[in-house]
Amino acid sequence: MTSKCIRRATTDDVPVLTRIRNDAHTKKVACRDYAWGKEGDGFSENWVRNNVSQKEVYVAELEGTAVGTFSLVLDEDNHWGHQEHIAGYVHGLSVRKDFNGLGVGRFMLDWCGDRLYALNRRFIRLDCAVHNVKLCTYYESLGFIRVGLYAEPEAGGYVWSLYEKAANTISAHR
């Protein structure tokens, strides 16, 4: 049985989280999804350090190796607008290169659902670029439902798919 856990990130995790975020960035760029920047942009350790110090950033580990990261936000989300406090929002879901396809993303999202349910939140929500069909299909395969779209107001802005899933929905593949 594989040992899996999720824990709060610390500044000691910054180098590996930077690698994980950049692995995910490369994968997004390969799908022509530039929401996190163009090819060659990526994330700096300084950016990741600031993110860890300012947000609830988590690390997913398999057998003690950091293989994924995400942040979980309980406040309002810009893409969703003003909402009742019935949900939590997942951002920056990232899996380390060579660990894709092992259920790491599903594990992190299930953990978020469990955490939100324990906090009396009804939904786990996330968004992704509507034109990243591969990522949209992935979220839909995990039971997320597209409940709306958000178009950035500036010229040439992205259109985002808004997804949600009941927080108490437990994956059968855990």
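Throughout, read-outs are computed from the coordinates displayed, never taken from laboratory work. These numbers were taken from a predicted model, which means no experiment stands behind them. Counting neighbours? That spans all protein chains shown, and the Cβs are built from the backbone with ideal geometry, glycine included.
Annotations for the structure displayed:
- Entry for mean projected area of the Cα convex hull in nm² (calculated from the structure that is shown) out of [x] 9.6; [y] 10.0; [z] 12.3: [y]
- For the chain, the 222 nm mean residue ellipticity estimated from helices alone, with every DSSP H stretch of n ≥ 4 adding -39500 (n - 2.57) and the total spread over all residues, rounds to -9000 deg cm²/dmol.
- THR2, THR69 arranged by Cβ crowding within 10 Å, fewest neighbours leading: THR2, THR69
- The stretch 4-166, relative contact order in percent, only Cα pairs under 8 angstrom and at least six apart counted: 21
- C-alpha center-to-center spacing [the stretch 98-174, the stretch 19-63] in angstrom: 17
- Cross-link reach is defined here as a Cα-Cα straight distance under 21 Å, omitting same-chain residues fewer than 8 places apart; for LYS134 the lysines meeting it are LYS27, LYS28, LYS38, LYS97, LYS165.
- Beta bridges per DSSP with both ends in the chain, % antiparallel, nearest 5: 90
- The chain: most fluctuating residue of LEU109, LEU74, LEU126 per GNM, C-alpha cutoff 10 Å: LEU74
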